1. Please sort by residue number the trypsin sites (Lys or Arg not before Pro) in the stretch 44-92 whose DSSP state is loop and whose Cβ has at most 15 other Cβ atoms within 10 Å.
2. If you split all Cα-Cα distances of the chain into 5 Å bins from zero, what percentages do you get per bin, shortest first?
3. In sequence order, what are the phi-derived ³J(HN,Hα) couplings for the stretch 17-26 according to the Karplus relation 6.51 cos²θ - 1.76 cosθ + 1.60 with θ = phi - 60°, rounded to whole Hz, with x for glycine and proline?
4. So what does log10 I(q)/I(0) come out to for the stretch 46-92 at q = 0.18 Å⁻¹, using the Debye formula with one equal point on every Cα and no solvent?
5. With θ set to phi - 60°, apply the Karplus curve 6.51 cos²θ - 1.76 cosθ + 1.60 along the stretch 28-36 and write out the HN-Hα couplings as whole Hz, x wherever there is a Gly or Pro.
Amino acid sequence: MAEPKSPASGNAHPIQRALDKSKNVQKTVEEAADELAVVHVVLDKEIAADARTDEVDRAIEQTDRIEKKLAKSADLLEKVAETLDEVAKKTS
């Protein structure tokens with residue numbers, strides 16, 4: 001996935017560039033978590049319990065774990081972005 005470039009991105013301070021990249025990654029991770037949550041709900045709600053194999057049950061459980069992991073990663077990236085933003089403000 002190509003990341004969008006701002007017109008002055010080449011001239012931006014390294015901290016600002018890191019902040020921009022961090023925000024882009026955070027958005028991508030949030031979107032992936034949201035999409036996986038939808039997949040999890042569809043699998044969990046649309047496949048009747050008596051029609052599920054053990055593999056399907058494990059897949060449903062795994063989608064839930066991965067979605068939570070992605071959501072936690074997005075939260076951590078938000079904290080990184082906040083820290084980078086503070087540093088960028090101090091150095092500009």
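1. 52
2. Once binned at 5 Å, the Cα pair distances of the chain give 2, 14, 17, 15, 13, 10, 9, 7, 6, 4, 2, 1, 0.
3. These are the phi-based 3J(HN,Hα) values: 5, 5, 4, 4, 5, 4, 5, 5, 5, 4 Hz.
4. For the stretch 46-92 at q = 0.18 Å⁻¹, log10 I(q)/I(0) is -0.66.
5. Working through the residues one at a time gives 5, 5, 4, 4, 5, 4, 5, 5, 5 Hz.
All of the numbers you see were taken from the coordinates with simple rules; none came from a lab. Small disclaimer: the values here were computed from a predicted structure and weren't measured. With ideal geometry, Cβ positions are generated from the backbone for all residues, glycine too; neighbour counts draw on all protein chains shown.
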